[in-house]
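Please treat every number below as a calculation from the coordinates, not as lab data. Small disclaimer: the values here were computed from a predicted structure and weren't measured. Quick reminder, even Gly has a Cβ in these numbers, built from the backbone with ideal geometry, and neighbours come from all protein chains shown.
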Amino acid sequence: MDQTALIGIDNYSPVGDVAVIAMCASIFIMLLTSYVSRTRSFHIFMGIVALLALAAMANIFYHALLDIGNPDYYSLVYVLRVLYQAMLFNILFLFALYATVVSGLEHRKARYVAIGATVLLIVIVVLDIIFAATGIGFQITEDGRVVSRTNLFIIGYLIFVVLIVVLVRRVGELLYKNVVYGFLGIIAVAVVVRLGQLPLHESSLTTMSFVFPVVAMLYVMHSNPYNMSLGTVDKRALEDTVATMYERHESFIFMSLHLPDYDGEGRELPEEIKALVRQFSAEDFRGCILFQLDNGHLLMVVPLKHNPDFENRIAGILAHFDEQYERFKLPYTIVIGKDIDEISEKNEYVSFITSVHRSMPANTVRRVGPDDIVRFNREEHILQELADICNKRDLEDPRVLAYCQPVFNLQTGQFDTAEALMRLQLDSVGMVLPDQFIPMAENHGYIHVLTEIILNKTCGEIRRLSSEGFHISRVSVNVSVLELKEESFCSDISRIIESNGVSGDHIALELTESRSEADFMIMKEKIDELRRQGVQFYLDDFGTGYSNMERIMELPFDTIKFDRSLVIASRADERSERIVENLAQMFRDMDYSVLYEGVEDGADEKRCCMMYASYLQGYKYSRPVPIEQLRGFLPKAG
């Protein structure tokens with residue numbers, strides 16, 4: 001049949017639909033060979049791709065049967081045409097549904113959109129069938145001519161496009177603006193291609209016009225998150241994987257490798273190690289997924305159903321790893337475990353595994369056990385309490401206890417200074433020491449509120465001690481370098497001191513040195529501002545890690561606290577003692593006071609006195625005690 005002579009039928013070439021089928025097949029192959037989050041939006045996307053491929057096939061068969069011109073096939077032609085257009089309208093419906101899902105639109109509003117789009121879809125498909133049956137729409141006449149008096153498809157198409165555009169604009173406030181503009185631009189291109197065929201009496205690119213939004217969705221929403229050199233995916237992918245496997249009740253094992261030397265930005269794993277990682281993940285297990293939680297932290301998740309002999313495979317990996325350790329000599333920790341219901345339910349494997357690594361000595365392998373879960377749950381409870389303390393910002397919060405350790409002043413021969421220390425007293429956990437909660441508070445941004453609370457309680461106790469006639473020169477409070485970046489740091493400190501009616505010279509702040517140039521400049525600025533109000537500053541932990549003498553000299557500290565490690569080192573031999581002594585003498589000559597921490601016995605005390613000590617602190621005099629017990633050490637005024 002010569003279609004160009006028929007009334008109401010457009011020119012058609014199957015090339016466009018064949019290209020659509022090839023593109024859909026390519027998308028399926030890429031999605032099957034890469035990791036993509038199995039979210040609801042992904043499943044909608046896969047439905048769209050499947051419908052596109054089926055629609056293209058239906059369109060090819062529809063035109064092929066039409067070309068044959070055999071009346072025996074006309075019923076099938078009608079069916080294929082209705083199916084083709086119904087599938088295209090279904091795709092438009094799924095576009096609308098997809099927009100509500102990715103935008104996180106409120107459930108009630110999303111339901112209204114879904115109901116409206118469903119009604120529109122049903123009305124258009126039913127009308128198309130009725131129009132064909134009554135001769136108002138598409139029809140093949142007895143003499144073989146194709147007639148379409150009403151182009152219902154274009155009308156329905158435009159109504160759906162308007163609905164989608166309005167919807168995308170409405171949900172635009174919930175999405176990144178560039179993404180919204182990009183999708184609107186792609187929709188405009190698709191509409192131009194579809195409508196541009198009308199004056200040319202073409203229909204070859206109709207199905208192809210639906211592909212453009214699909215490509216945009218694949219690129220923006222479901223693009224491949226692989227690290228191409230390692231074959232790893234990210235933390236978000238881990239959460240998606242755990243959620244999917246937990247929902248399907250699929251068990252898995254995990255192996256976590258932490259190489260601390262490569263933590264932090266700009267620390268790229270060497271190519272030799274990357275090659276080993278690729279080998280472990282690709283050859284040793286079936287169906288495993290490799291995640292990169294940090295530059296030096298890799299996690300492998302292995303489905304048990306594909307690896308019933310996982311113990312033998314783990315043993316093989318560890319043996320191979322031991323061989324490679326002799327080659328690289330890099331410090332490491334390895335954590336191995338099986339899925340844990342309570343961790344899977346909360347999707348907390350990153351926090352849990354990090355917690356286990358943190359408690360391990362270097363170059364060890366640990367199988368996760370019940371004790372690790374108990375410790376993690378304890379840490380999570382502490383973290384929740386810290387978050388609550390931070391949110392309430394109650395400077396008298398009873399969960400934060402003020403302790404102190406008296407400091408002996410060699411010049412006066414009295415305990416007239418002290419160091420304030422924090423403890424947490426939490427229900428169901430009990431007493432929590434600083435080394436357990438301070439790192440957590442720093443990592444989650446809670447540390448400044450804790451400092452405000454301990455400073456407020458310290459100032460209140462100083463005020464009470466003074467009113468009772470005790471003589472106290474000052475109490476020092478530890479401050480994290482991270483707090484100095486708070487814009488309100490100085491004003492917060494000043495406000496708390498003034499509100500308690502305490503003079504600034506009764507307070508000292510202890511800081512540790514930082515390597516960062518930016519931190520150094522901030523520290524100098526904040527110290528200068530608070531020193532003008534009488535607050536003194538201690539350099540804490542001198543002798544541990546990094547110490548830049550030039551930087552120390554530039555910062556106006558009042559007291560240098562020699563770490564306990566220097567006190568211990570000075571016991572070793574005469575040479576070590578001379579080194580510590582000369583450092584202390586240098587500071588004394590430059591008008592710094594020198595405070596030795598960790599003085600445990602009379603020998604330590606005598607040696608530190610010979611090493612130019614101004615102040616002594618340690619278990620020889622007292623362990624940390626509740627700040628109210630400071631009365632037992634302080635002299636009475638006068």
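Counting only lysines at least 8 places from Lys109 when in the same chain, those with an alpha carbon closer than 21 Å to its own are Lys177. Within the straight-line cut-off of under 16 Å between alpha carbons, the lysines reachable from Lys526 are Lys485, sequence neighbours fewer than 8 places apart in one chain being disregarded. Of all DSSP bridge pairs formed entirely within the chain, close to 60 percent run antiparallel.
In plain terms, the bigger the Kirkwood radius, the slower the diffusion; for region 3-221, with that radius from Cα pairs, at 25 °C and 0.890 mPa s, Stokes-Einstein puts D at 134 µm²/s.
Helix-only arithmetic for the chain: the sum of -39500 (n - 2.57) across DSSP H runs with n ≥ 4, divided by the residue total, places the mean residue ellipticity at 222 nm at -17500 deg cm²/dmol. Among the GluC sites (Glu not before Pro) in region 373-445, those located in a DSSP loop and surrounded by at most 10 other Cβ atoms within 10 Å of their own Cβ are Glu396. Listing Val165, Val180 from fewest to most neighbouring C-beta atoms within 10 Å gives Val165, Val180. Loop-located trypsin sites (Lys or Arg not before Pro) across region 474-524 with a Cβ neighbour count of 16 or fewer within 10 Å are Arg515, with loop assigned by DSSP.
For Lys606, the aspartates and glutamates whose Cα comes closer than 16 Å to its Cα, not counting residues fewer than 8 places off in the same chain, are Asp573, Glu574, Glu577, Glu581, Glu597.
Note on Glu326, Glu461, Glu529: ascending count of other Cβ atoms within 10 Å places them as Glu326, Glu529, Glu461, the fewest first. Taking the fewest neighbouring Cβ atoms within 10 Å as the starting point, the ordered list for Cys24, Cys608 is Cys24, Cys608.
With 23 Å as the limit on Cα-Cα distance, the pairs of Lys305/Lys338; Lys457/Lys524; Lys274/Lys329 that go past it are Lys457/Lys524.
Axis angle, to the nearest 10 degrees, between helix 310-328 and the longest C-alpha principal axis of the chain: 60 degrees. Treating the chain as a set of equal point scatterers at the Cα positions, no solvent, please give the Debye-formula log₁₀ I(q)/I(0) at q = 0.10 Å⁻¹. Ignoring solvent entirely, the Cα scatterers give -1.03.
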